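These notes are about the structure you will find just below.
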Amino acid sequence: MRDHLVAYFEAHHLLVESDALQLLLKVPQPLAVSRQLVERALSDHPFVTREMVEAVILSTDLGRSQAIRSAEMSSALLRTPRLAASLPFELLREGFSAVVPGQQPLAAYGSLFASRFEQLSKMLRGRPELSGLRPVSELGTAEGSAAVIGMIRDVRQTPEKHHLILTLEDDGGAVEVLVLKDSAPAQVPYLDDEVVGLRLAMPKERGRLPRVTHVLRPDVPSGRERKRTESPVRVIFLSDLHIGSRSFLADEWGRMTDFLHGKGPRPELAREIQHVVIAGDLVDGIGIYPNQERDLAIGDVFEQYEELGRRLRELPERLHVVVVPGNHDAVCPAEPQPALPREIRSALPENVHSLGNPSTFALHSVVIEAYHGRSFDDLIPAIPGASYARPTEVMKRMLAMRHLAPMYGGRTPLAPLARDGMVIDPGPDILVTGHAHTFGVDQYRGVLLLNASTWQAETEYQRMRNVSPVPARAAVVNLADLTLEALDFSGRESEVGGAAA
Ligand SMILES: [Fe+2]
Ligand SMILES: [Fe+2]
């Protein structure tokens, strides 16, 4: 934990003093408190002192709300006292936060983008590649080379030579810059509303555009030390159950629950599993796509959640289950989505921890970012070569942008919140998504990427949209070393096939 905290502050250009670190190591939620400290850090004061830690823990509303929140978590959400008392779970960030009261929608979107710019530009500021950084409004006076940080507002091509012209905006102005077609900065496509740092060659003649010579994305630091638990602790990752659909794969689900009860071929593996993470689309919902009622076995959404409760009770009671909603669940579809409402939570067993989508939490200090993945619907068409068959490629891009759903105005509705809850911070050890209904495992700069399959067979609607699901797979990750076993419950091959990554 000590090394992890030091690395976390370093990544945010902060040095933590040793007595501050000692205090942090004693608080119940060191990672959550550290995140608060990073958010309050002043750019001219690169140190984290013991007084600053105390201020966050003891004397602020934010500190108090964290403490209250964690108390609520262990008492209200986990009603099994034995489990709550010993649970190595720490909520770091739920994307969802309250709407600013009284704000008009347009002003609220202004706050959302300002918050995104502030959070992401902080990650880019201070990088050596961006020396000579200046606000967009002061770019006119620059000569030779300059650097700016901004949000991409528009990308267009010049008519003949197909160079790119980017419109870049910061909190004080906008500028157009040129990216030459075959240059290195043109290799990775620019997405609307992502935040980038650009090194520019300023034009010698009036009327010409600054030329981009280098592009920097916020990104996750490379070569990080991985967190480890002392002894093997395993997590099984699932997604997209779609309970209530006619296509729910009951036999395959039964094989998986048998495995967890130690009745499969790998009882020793099952025994080490302590946590289950489910990345959304818990039920099929109603009215999600045209003529969905034809595909439903349970036509009432509350009954779908009651059935979900029954299915989750088929898992061993000793397991701690974390769920986030997806676009089929009965919460507001705008992202970040809140956790399931109380009426629905009461249908679920007591060992279920219901969080918003997305959420960042730590299990045994291993940081997990769980996001359902609705933004694949916008990012896949926007990134040449991206596909639902390989969602982990898109997840790499999310980490590079440090944002789960940057594109506004597409298929992913974004909630007009004062704080952009789709920013990825802190950088996780594991990023898990669903929604694509495929199974993918990959690595990016030391982060384990998982797309966690589905328990729904192909539906008519998916056939129409050319989506080929890879159902009934599960990833079991050992938190001791982040090694992974990919399990196949589809019954097509061996009951439980293994693979290490
Ligand atoms: Fe789904
Ligand atoms: Fe989905």
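Can you say whether Tyr388 is within 21 Å of Leu31 (Cβ to Cβ) and within 16 Å of ligand 2 (Cβ to nearest atom), as far as the supplied structure shows?
Judged against the criteria, Tyr388 is not a match.
I'm trying to understand the selection: among the residues of region 405-462, which are within 16 Å of ligand 1 (Cβ to nearest atom) and charged (D, E, K, R)?
The answer is Arg411, Glu458, Glu460.
So which residues in region 313-361 are of a type in the set (Asp, Glu) and within 16 Å of ligand 2 (Cβ to nearest atom), if there are any at all?
Listed by number, the residues that qualify are Asp329, Glu335.
From Arg492, Arg473, grab the single residue that is modelled with pLDDT of 95 or more and over 23 Å from Leu92 (Cα atoms).
Within the list Arg492, Arg473, the selection yields Arg473.
Could you list all residues from region 262-285 that are within 16 Å of ligand 1 (Cβ to nearest atom) and either surrounded by fewer than 24 Cβ atoms within 10 Å (Cβ to Cβ) or not hydrophobic (A, V, I, L, M, F, W, C) (or both)?
Gly280, Asp281, Asp284, Gly285
A quick yes/no check of all residues on (1) at pLDDT below 85; (2) part of a loop (DSSP other than H, G, I, E, B); (3) β-branched (Val, Ile, Thr):
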position	(1), (2), (3)
Pro189	no, yes, no
Asp192	no, yes, no
Gly197	no, no, no
Thr213	no, no, yes
Arg224	yes, yes, no
Lys227	yes, yes, no
Pro232	no, yes, no
Ile236	no, no, yes
Asp240	no, yes, no
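Name the pairs whose Cβ atoms lie under 6 Å apart, with the first residue in region 262-283 and assigned by TED's automatic domain parsing to the domain that holds Gly299, the second of a type in the set (Lys, Arg) and modelled with pLDDT of 95 or more, and 6 or more positions between them or separate chains?
Hits for this filter: Glu272/Arg234; Ile273/Arg234.
Here are the criteria: (1) under 30 Å from Ile152 (Cβ atoms); (2) more than 15 Å from ligand 2 (Cβ to nearest atom). Tell me which single one His364 does not satisfy.
His364 satisfies every listed condition except (1).
Restricting to region 229-243, give me the number of residues that are surrounded by 20 or more Cβ atoms within 10 Å (Cβ to Cβ) and away from ligand 2 (no atom under 16 Å from the Cβ).
Total meeting the criteria: 3.
Tell me which helices (runs of 4 or more DSSP H) are completely within region 51-168 and hold 2 or more residues being out of contact with any Ser or Thr (no Cβ under 6 Å at 6 or more places or on another chain), at pLDDT 90 or above and aliphatic (A, V, I, L, M), or say none if there are none.
105-124
Report the residue count in region 299-338 for those that are of a type in the set (Gly, Ala, Ser), assigned to a loop (DSSP other than H, G, I, E, B) and surrounded by fewer than 21 Cβ atoms within 10 Å (Cβ to Cβ).
Number of matching residues: 3.
Going by the conditions given, is Arg310 under 25 Å from Glu369 (Cα atoms) and more than 16 Å from ligand 2 (Cβ to nearest atom)?
Considered against the rule, which asks whether it is under 25 Å from Glu369 (Cα atoms) and more than 16 Å from ligand 2 (Cβ to nearest atom), Arg310 comes out as no.
I'm checking my understanding of the structure. Among residues of region 433-475 that are without any contact (Cβ under 8 Å) to a residue 60 or more places away in the chain, in a helix (DSSP H, G or I) and not basic (Lys, Arg), which one is farthest from ligand 2 (Cβ to nearest atom)?
Out of the qualifying residues, it is Met464.
Criterion first (buried (at least 20 other Cβ atoms within 10 Å of the Cβ), in the same structural domain as Val276 (by TED's automatic domain parsing) and not in a helix (DSSP H, G or I)) does Tyr408 satisfy it?
no
Search region 341-350 for residues being assigned to a loop (DSSP other than H, G, I, E, B) and touching a residue at least 24 places away in the same chain (Cβ under 8 Å), and hand back the single one that is farthest from ligand 1 (Cβ to nearest atom).
Glu350
The values are calculated or read from the model by the stated rules, or taken from the named source; none is laboratory data. Source: prediction; values computed, not measured. With ideal geometry, Cβ positions are generated from the backbone for all residues, glycine too; neighbour counts draw on all protein chains shown.
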